[in-house]
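The values are calculated or read from the model by the stated rules, or taken from the named source; none is laboratory data. Keep in mind that this is a model prediction, so the values were computed, not measured. Ideal geometry is used to build each Cβ from the backbone, glycine not excepted, and the neighbour counts take in all protein chains shown. Accessible surface areas use protein heavy atoms only, side chains included; no ligands, DNA or RNA. Shrake-Rupley method; radii C 1.70, N 1.55, O 1.52, S 1.80 Å.
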Amino acid sequence: VHHEEEEDKLESDLQLLERVIELLKPEQQACVRLFYLEQRSYQEVAAHTGFELKKVKSYIQNGKRNLKILMEKQYEQS
């Protein structure tokens, strides 16, 4: 039972993450998806998006911070 609850929680968290990624600015969204979900390097993200390497790092850092804030807000509301 405990294992099933953990799986349900993980699935719920992943669904929430997908929803809040949609709330990020398009640049942050693209970089976060490529870097974390597709496990691309900074250089690969830059090449794929056309953004400068410094911008990619900034978008990822800010996107990650914004995701944390958005996730926390969602948890507070539920």
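Rounded to whole Å and sorted largest first, list the principal axis extents of the Cα atoms in the range 1-63.
Here the Cα extents, ordered largest to smallest, are 48, 21, 15 Å.
For ARG65 and LYS25 in the same chain, what is the full-extension length gain: residue separation times 0.36 nm, less their Cα-Cα distance, in nm?
13.2 nm
Whenever you get a sec, compute what percent of the accessible area on the chain sits on carbon and sulfur atoms (1.4 Å probe).
51
Under 22 Å between alpha carbons: how many lysine pairs meet that in the chain, if sequence neighbours fewer than 8 apart on the same chain are excluded?
15
Output the 0 to 90 degree angle, nearest 10, between the alpha-carbon long axis of helix 2-21 and the longest principal axis computed from the alpha carbons of the chain.
The two axes meet at around 40 degrees.
Cα axis of helix 53-77 to longest principal axis of the chain: angle in degrees, 0 to 90, nearest 10?
20
Under a 1.4 Å probe, what is the accessible area of the range 1-61 per residue, stated in Å²?
Heavy-atom SASA per residue in the range 1-61 reads 75 Å².
Excluding GLN28 itself, what net charge comes from residues whose Cβ is under 12 Å from its Cβ, given Lys and Arg +1 and Asp and Glu -1?
With Lys, Arg at +1 and Asp, Glu at -1, the neighbours total +4.
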